[in-house]
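Structure first, commentary second.
The values are calculated or read from the model by the stated rules, or taken from the named source; none is laboratory data. Here the structure is a predicted model, which means the values were calculated and not measured. Because the Cβ atoms are built from the backbone with ideal geometry, glycine has one as well, and the counts that use them run over all protein chains shown.
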Amino acid sequence: MTSGSVAREILIENAAVAPVAGPEIGRGYVHLRDGRIVALGEGPAPSVPGATTIDGRGCLATPGLVNTHHHLYQWASQGVAQDATLFEWLTALYRVWAAMDAEVVQGAATAGLAWLALSGCTTTADHHYVFPKGRGDLFAAEIEAARALGLRFHPCRGSMDRGASQGGLPPDEVVETLEDILAATADAVDTYHDPSPDSRLRIAVAPCSPFSVSEELMTEAAALARDKGVRLHTHLSETLDEEEHCLAQMGCTPVEYMDKLGWLGPDVWVAHAVHLHDRDIRRFAATGTGTAHCPSSNGRLGAGIARVSEMLRAGAIVGLGVDGAASSELTPQAGEMRQAVLFQRARYGPGALTARQALEMATLSGARCLGRQDEIGSLEPGKLADIVLWRVDGFAAAVDDPVAALVFGGTLPVARVLVGGETLVEDGELRTVPQDVAARAGADAHRRLTRLAAERGL
C-alpha cells in the first residue's frame, strides 16, 4: 500500500487483538473495508480476493489512542519555568506566547501532531486560546498541519477576555474582547466544523479557564456552542491556587461556578479536574461531564493527583490527555496510560487502576469525551478503521499479557498506525509527512518564537 493511499479491502492477520469493547483475541484478524471495520475474530483471516494484507505477527492491535487535551503551540516553548507552579509557569510564558505568529503555530503543530502519531494517537483535541493581534490566522495554521499529517483533529477555539486589569491572571496584551471572541469562534465553527461520521475535523468552543475568562464569556460561549451543536471544553480545578482564586472572586469553588453557569453536561469535557470535592465527582457522573486526565503535566507542575479511581467508580467519564509540551515535555500519548496507572496506585494502592482500565481511558472513554464513541475508540464492526499495531515481540515477549506489556511498559514500538484505513505510521516512521521535516518544523518554530520574543525584550 503506497503512502497516503487507502486500499478498499485490508486484512490485518496473525495479531493479538484488544478491542476494548469486546473479548480479547489471542491470535486473530481484523477485516477493513472502505475505511471501516467489517469484522474481527479468532484464528485465520477469511479469504478476501484482492485484499491488502498486513502481517500482525508479534503485534497487539488496539483502537487508535484518543488525546483529549493538548496545546500544540507549546511545542515551541518547552523547558521553561522548570520548577514553577501553574500560575508561576503561566506568568513566565504568557508574554512569550504573545510573540507567536501563524508560522510558529504551524511548525509547532506539525511536530506535536507527528509526535502524537508516532506514539499511537489517531485522534487529538487541541486547546488554542492565545490569539495575539496581527499575527496571522493561528487557528487555520494548526488545522493545515493536521490535514497534512492525517490525524482526526478536534481543535478547540479557546479564548481569554479577563486580563490582569480585570482581576484575571493573563496580561492584558494576550486577551481579546468579548465581541471579537464570539465572532471569531462562530466563524471557526461555520468554516471548519465537519459533523459527518467519518470527519477528521470537528470544532469545539473553549474559553480558557475561570481565572482568565469573564462570566459573560462563559455564558455566551455555552449558548453559542449549543446553538451550533458543537462541544464545550475548558480547564477546571487544576490547582489549589485556582480554587482559592474562585473562592475569593466568585464566592464558590470552580465546579460550583461552572455548574451555576450551565457548564456541566454531556456536551462538556474539562481538562485536569485534579482538586474535586466528593459532591463535584457526583455532579460529573450525574451530568455526563467528561474529564481529560493529564497525569504527566499534573506531575510536572506539582498540581497533584486527580481522583480518577473514585471518578470511575462513581460512573464519571475520564479520558487521557497529554497536555501542552511546555508542561509535559516530549510526553508520548501511549506513556500517559502508564502514568495514569502509577499515579492512581501511588495514591490508592495496587488495585486502584488496571491496565485495561487505562487502555479504555486512552481509547473509548476519550472518544466519549469528544462525543465520538459511536465512531471510534473500540474495534467493532461498523466503526472507523483507526487502529494501532504495537510490537509485543522482542523484549516485550517476556510479558505474556500484551495489554500489560503495552500499559506498564510505557511506549512500545509502533508497527502501524491507521486512520480510516490510511497508514500514517509504518515501522516507527511517519508516512504522510517526512519525519525529519516534521522534527525540523518544531525546532524552527522554537527558534522563531525565541527570536520574536527577544525582539519584544523578553
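Worth pointing out:
- Counted residues, the range 286-304 - those being surrounded by fewer than 17 Cβ atoms within 10 Å (Cβ to Cβ) and among the aliphatic types (A, V, I, L, M): 1
- Residue tally, condition acidic (Asp, Glu), touching a residue at least 40 places away in the same chain (Cβ under 8 Å) and over 28 Å from LEU149 (Cβ atoms), over the range 177-215: 1
- Taking the criterion of being in a loop (DSSP other than H, G, I, E, B), modelled with pLDDT of 95 or more and farther than 16 Å from THR68 by Cβ, the only residue of the range 215-242 that qualifies is GLY229.
- Residue in the range 160-172 that is at pLDDT 95 or above, crowded, with 21+ Cβ neighbours inside 10 Å and not basic (Lys, Arg) present: yes
- Qualifying residue in the range 418-431 (condition: more than 26 Å from ARG36 (Cα to Cα), buried (at least 18 other Cβ atoms within 10 Å of the Cβ) and in contact (Cβ under 8 Å) with a residue 60 or more places away in the chain): no
- Positions within the range 331-340 being under 12 Å from VAL407 (Cβ atoms) and surrounded by fewer than 24 Cβ atoms within 10 Å (Cβ to Cβ), in sequence order: GLY335, ARG338, GLN339
- Per the conditions (1) under 28 Å from SER296 (Cα atoms); (2) of a type outside the set (D, E, K, R); (3) touching a strand residue (DSSP E or B) at 6+ places or on another chain (Cβ under 7 Å), the sole criterion not satisfied by THR53 is (1).
- Residue check: LEU240 meets all listed conditions (1) out of contact with any helix residue (DSSP H, G or I) (no Cβ under 8 Å at 6 or more places or on another chain); (2) aliphatic (A, V, I, L, M); (3) closer than 18 Å to VAL341 by Cβ but one, namely (3).
- Scope the range 337-358; condition under 10 Å from LEU320 (Cβ atoms) and touching a residue at least 60 places away in the same chain (Cβ under 8 Å); matching residues: MET337
- Within the range 308-325, the set of residues being buried (at least 24 other Cβ atoms within 10 Å of the Cβ) and part of a loop (DSSP other than H, G, I, E, B) comprises ALA316, GLY321, VAL322, ASP323, GLY324, ALA325.
- Matching residues in the range 1-50 - criterion: being on the phi > 0 side of the Ramachandran plot, within 27 Å of the chain's Cα centre (by Cα) and modelled with pLDDT of 95 or more: VAL20, ASP34, GLY35
- Scanning the range 151-194 for residues that are assigned to a loop (DSSP other than H, G, I, E, B) and among the hydrophobic types (A, V, I, L, M, F, W, C) gives LEU151, MET160, LEU169, VAL175.
- When ARG447, ARG456, ARG416 are checked against the criterion of being charged (D, E, K, R) and within 23 Å of ALA385 (Cα to Cα), ARG416 stands alone in meeting it.
- Enumeration of residues in the range 37-65 that are under 23 Å from GLN333 (Cα atoms) and assigned to a strand (DSSP E or B): CYS59, LEU60, ALA61, THR62, PRO63, LEU65
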